[in-house]
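The values are calculated or read from the model by the stated rules, or taken from the named source; none is laboratory data. Source: prediction; values computed, not measured. When we count neighbours, we look across all protein chains shown, and the Cβ atoms used for this are built from the backbone with ideal geometry, even at glycine. SASA here: full protein model, heavy atoms, side chains in, ligands and nucleic acids out. Shrake-Rupley method; radii C 1.70, N 1.55, O 1.52, S 1.80 Å.
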Amino acid sequence: MVLRVAVVGGGPAGSSAAEVLAKAGIETYLFERKLDNAKPCGGAIPLCMVSEFDLPPEIIDRRVRKMKMISPSDIEVDINLDNQDEYIGMCRREVLDGFLRDRAAKLGANLINGTMYQLDLPNNSTDPYTLHYADHSNGNATGVMKTLKVDVVIGADGANSRVAKAIDAGDYNYAIAFQERIRLPEDKMAYYEDLAEMYVGTDVSPDFYAWVFPKYDHVAVGTGTMKVNKSMIKDLQTGIRTRAARKLEGGKIIKVEAHPIPEHPRPRRVVGRVALVGDAAGTVTKSSGEGIYFAAKSARMCAETIVETTNNGQRIPTEDDLKLYLKRWDKKYGMTYLVLDLLQRVFYRTDATREAFVEMCSDKDVQRLTFDSYLYKTVVPANPLIQMKITAKTIGSLLRGSALAP
């Protein structure tokens, strides 16, 4: 075997890439700084990810089959999945990430408990990249400084990616997510057994939404907003706590967490023999803020492209080889991102448009179209009559939203 690949970051993206590479027999090194890390995250995954990534049932905390959309004026719309086999999976990241990482290691990836501090770039297209990292395998937070030479680097190290900085991938705008994990009394927790809530309104977010998502033995209560409004984030969190106060009564905060969410792809996602995937590349969707599935999927597609273009690691890939992954990614999901970006621009602008958004969600055709798109990751085409009905309903809802907004 010729090829040596370093995957920096052991979340869903990094682990999914390492798994594909290891299965192909490619020498793979998977770096993760904290093996017990509980990344701040809503933790929702679509149904297609469960089968596509062969996830066992025990890592799914809750199977959500009911959604409650709550408007700025507290109008509630209930959305139920009629098919008994369909659900939105709710996971704790420490459980999901650990499973994917361990599976990659069992398949042959070399798991390194380490922090990459520097990436030295080669002067030509064949010399190796050099990773400088601290090895924490001795349990020491400082670690032991080491180096590793590889032919290809996959940056799966999140929104603050050091790999992206090393290749001058460019910056992107981002949102801030703030979340509290709250353990509720038994009767209150029963209410959220298979229910998730989404709240919209300027009191909870000027440009996004707030949520209450059920976990194994607690709920995740949080909100998000663009970077320009980050000074408001604690006030917005107070807003969602106030809106959901009755349902959260008697709850105890067990964890407070915050993290950045990319708002669009980085200007450069492949440079030389370095490819960015997941949050490092900027694969989070607008409107929903979903990132887990798209992180894992982008990384898998990147790794599959490496396996294919190198004949299972028999040759070193070129930049054009790696850019094939981007062409395939943009072709498959470009429309999804475009549609969700448009939805956020139209419906998250004012409380009037948010009222319209919630009203739209009461329509069964809209619900089916939305859930099919989310659960199976396809932009499902509606028949012309349904499309006309949805368009007319959108216009009517926007007009009525102006009257309903508080």
(request) Please give the calculated 222 nm ellipticity per residue for the chain, where each DSSP H segment of at least 4 residues contributes -39500 (n - 2.57) and the sum is spread over every residue; nearest 500 deg cm²/dmol? (result) -11500 deg cm²/dmol
(request) Could you work out how far the C-alpha centroid of segment 95-111 sits from that of segment 210-281, in angstrom? (result) 25 Å
(request) Divide the volume of the convex hull of the Cα atoms of segment 267-372 by its number of residues and quote the answer in cubic angstrom per residue. (result) 104 Å³
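Of all accessible surface on the chain at a 1.4 Å probe, what whole percent is carbon and sulfur? Present the calculation step by step, with values, prior to reporting the outcome.
Details: 9330 of 17460 Å².
Percent of accessible area from carbon and sulfur atoms in the chain: 53.
On a 24 Å Cα-Cα criterion, which of the cross-link pairs LYS66/LYS332; LYS39/LYS149; LYS165/LYS255; LYS39/LYS234; LYS39/LYS230 come out too long? Show your work: numbers first, answer last.
Numbers: LYS66/LYS332 29 Å; LYS39/LYS149 29 Å; LYS165/LYS255 30 Å; LYS39/LYS234 19 Å; LYS39/LYS230 19 Å.
Distance filter (> 24 Å) returns LYS66/LYS332; LYS39/LYS149; LYS165/LYS255.
Given a cut-off of 33 Å, what percent of all Cα-Cα pairs of the chain lie beyond it?
Working: 27712 of 82215 pairs.
Within the chain, distances greater than 33 Å cover 34 percent of Cα pairs.
How would you classify segment 137-177 from its alpha-carbon gyration tensor, with a ≥ b ≥ c the square roots of the eigenvalues: rounded for a/c under 1.5, else prolate if a/b is greater than b/c, otherwise oblate?
oblate
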(request) Please find the FRET efficiency linking VAL346 to HIS264, where r is the Cβ-Cβ separation and R0 is fixed at 22 Å, and quote it to the nearest 0.05. (result) 0.80
(message) I'd like the distance between the alpha-carbon centres of segment 186-208 and segment 303-365, rounded to an integer number of Å.
(response) 26 Å
(request) Using label points projected 7 Å from each Cα along Cα→Cβ, tell me how many nm separate ASP168 and LYS66, to one decimal. (result) 5.6 nm
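Can you tell me the accessible area per residue over the chain, all protein chains present, probe 1.4 angstrom, in square angstrom? All intermediate terms of the calculation are to be shown ahead of the outcome.
Values: 17460 Å² over 406 residues.
Heavy-atom SASA per residue in the chain reads 43 Å².
Work out how much length TYR117 to ARG315 would gain on full extension: take 0.36 nm times their residue separation and subtract the Cα-Cα distance, in nm to one decimal.
Details: separation 198, 0.36 × 198 = 71.28 nm, distance 2.75 nm.
My answer for the length gained is 68.5 nm.
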(message) Checking the cross-link filter: which aspartates and glutamates have an alpha carbon closer than 17 Å to that of LYS146, excluding same-chain neighbours under 8 positions apart?
(response) GLU32, ASP120, ASP135
(request) Please express the shape of segment 14-71 as an equivalent ellipsoid: the semi-axes are the square roots of 5 times the eigenvalues of the C-alpha gyration tensor, given largest first in whole angstrom. (result) 29, 16, 10
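To the nearest 20 debye, what charge dipole does the chain have about its Cα centre, counting +1 at the Cβ of each Lys and Arg and -1 at the Cβ of each Asp and Glu? Intermediate values should be presented prior to the final figure.
Working: 54 positive and 52 negative charges, 89 e Å.
Computed charge dipole of the chain: roughly 420 debye.
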(message) For a protection proxy built on the mean count of beta-carbon atoms within 10 angstrom, sort 152-161, 184-193 highest first, please.
(response) 152-161, 184-193
(message) Using the Cα centre of segment 205-263 as the reference point, and only Cβ charges (+1 on K/R, -1 on D/E), how large is the resulting charge dipole? Debye, rounded to the nearest 20.
(response) 180 debye
